[in-house]
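Asker: Submitted below is the structure of interest, expressed as structure tokens.
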Amino acid sequence: MEENLKVLILSQTFYPDNTSIAQHETDLAVDLVREGCSVTVLTSCRSYDNPQVLHPSRETFKGIKIKRLYTTGFGKKIKLLRITDAGIFFINIFQNLLFSPKYDIVVGLTLPPLLAIMGVLFCLFRGGKFIYWVMDLNPDEAIQAGMLREDSFLANILEKVSRFCFTRSPHIIALDKYMKKRIEKKGIDPGKISIIPPWAHDNDLSSIPHRENPFRKEHNLDSKFVIMYSGNHSLIHPLDTLLESALKLRDVSQYVFLFIGGGIRVQDVLRFKQIHSLGNIVYLPYQPREKLKYSLSSADLHVVVMGNRFVGTVHPCKIYGIMCVGRPFVFIGPKESHIGDIISQEGIGYQFEHGQTELLIKLINKLSKLEDIEKGIITQVSHPWMGEKWLKLLVKTSR
């Protein structure tokens, strides 16, 4: 690794946030520092999932220089206020970059959407190379989620900005082959698009037997069969099939439907629980990274959900942690997708379409009747940290 490579990372969320994006980019930054790079991060001063929590404006973490910028904390419930939060963050990123020194490499993510334009313009005027790390594809995702009309003036402007960022980026990171194809369809040279999927946090994860798991004891899950949805509760994750299963199984005291995480659809889960007076639905916030091995291992069946329209625009990272702890999982979503490929290629997991509530209930009943629930555990499949590929890419791009 070339020493003293100066790297800047732009993202709204970073350590100590517990979102998947924050954890993955923190992993990358830590590894780059370990390899001799100088790494600076520009991020938000507010916790992503709870904007009322403020982080220090400046901090050094494991050699990473973190500068957190002010933004408003209106949250995600009202679209206009959410846009205001993103707009203030954009303005402060812009002002900060005006007075920033040149960096060899600038890595831009997609939170908030199209943040990459700041990194592209910065490199054009100040020098350095920009790497576009596409965690989700916008405005495609916003259009598919119904947040933006495809034929609207704003959608056309955002699409032009998106294409400009792709065209001006020397290198683009897509998370799977479906995302890569969608980017190529925008007229982007496939030769500068690399597929680097997210990774499981192997150093922090291991399979914890139920009888040794303090998380199950803490939350009164001993003797229960736990069906878990852990991660982002967003518009791209239709939870209707899972919630309908909880409603139909309300009288089976053995079953607990445990929802862990954050996002705007958490309120849908809590509202559904209240309307139907469902004691079998339990909600917990995002768990700290050091507790993930306990929370993920406490499940008897994990549920991963993705809307049919979102293949190639998003990538459910939660699957890697589930595979790492070796718990059974069911994917509710399209068969022709990255997770669908994992199920068919690895021979693990189950796949159902949205609305197939009865099939999900049959699976739950089948697994819960195993004499020893933990006999249902799948072979642990590690999805390793792609650090070596990232490091080679950074050195190549910087030259």
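Asker: Placing unit charges on C-beta atoms (Lys and Arg positive, Asp and Glu negative, everything else neutral), compute the dipole magnitude of the range 159-289 about its Cα centre in debye, rounded to 20.
Answerer: With only Lys, Arg, Asp and Glu charged at Cβ, the dipole is about 560 debye.
Asker: With a Cα-only, solvent-free Debye model of the range 78-141, what are the log10 I(q)/I(0) values at q = 0.14, 0.17, 0.24, 0.30 Å⁻¹?
Answerer: For the range 78-141 at q = 0.14, 0.17, 0.24, 0.30 Å⁻¹, log10 I(q)/I(0) is -0.43, -0.61, -1.05, -1.29.
Asker: Another question, if that's okay. Using Cα pairs closer than 8 Å and at least 6 residues apart in sequence, work out the relative contact order for the chain, in percent.
Answerer: Value for the chain: 15 percent.
Asker: Let me ask something else. Which helices, taking whole DSSP H runs in the chain, have alpha carbons extending 27 angstrom or more along the helix axis plus mean Kyte-Doolittle at least 0.5?
Answerer: 79-98
Asker: Something else about it: Given labels modelled 7 Å from the Cα in the Cβ direction, how far is it in nm from E358 to N203?
Answerer: Here the answer is 5.0 nm between the modelled labels.
Asker: Around S344, what is the net charge, scoring Lys/Arg as +1 and Asp/Glu as -1 over all other residues with Cβ under 11 Å from its Cβ?
Answerer: After counting each charged neighbour, the total is -2.
Asker: State whether the range 198-286 is rounded, prolate or oblate according to the following rule on the C-alpha gyration tensor (a ≥ b ≥ c being the square roots of its eigenvalues): a/c under 1.5 gives rounded; otherwise a/b larger than b/c gives prolate, and the remaining case gives oblate.
Answerer: oblate
Asker: Something else: Tell me the Kirkwood hydrodynamic radius of the chain in angstroms, computed as one over the mean inverse distance between distinct C-alpha pairs.
Answerer: So the Kirkwood estimate lands at 22.0 Å.
Asker: Using the Cβ atoms and a cut-off under 11 Å, what net charge is assigned to the surroundings of D222, where Lys and Arg are +1 and Asp and Glu are -1?
Answerer: Every neighbour counted, the sum reads +3.
Asker: Over 22 Å between Cα atoms, which of K224/K293; K273/K318; K192/K392; K129/K180 qualify?
Answerer: Over 22 Å apart, Cα to Cα: K273/K318.
Asker: Please identify, among K79, K67, K224, the residue showing maximal mean-square fluctuation in a Gaussian network model of the chain using a 10 angstrom Cα cutoff.
Answerer: Highest fluctuation of the listed residues: K79.
Asker: Quick one: length gained pulling I91 to E290 fully straight, 0.36 nm per residue minus the C-alpha distance?
Answerer: Additional length available on full extension: 68.2 nm.
Asker: Same structure, new question: Quick check for you: which residues of the range 232-266 have the amide N under 19 Å from the point 7 Å beyond the Cα of N365 toward its beta carbon?
Answerer: 241-257
Since every read-out is calculated from the coordinates, none of them should be taken as a lab result. None of the values given here were measured: they were computed from a predicted structure. Reconstructed Cβ throughout: ideal geometry from the backbone, glycine too, with neighbour counts over all protein chains shown.
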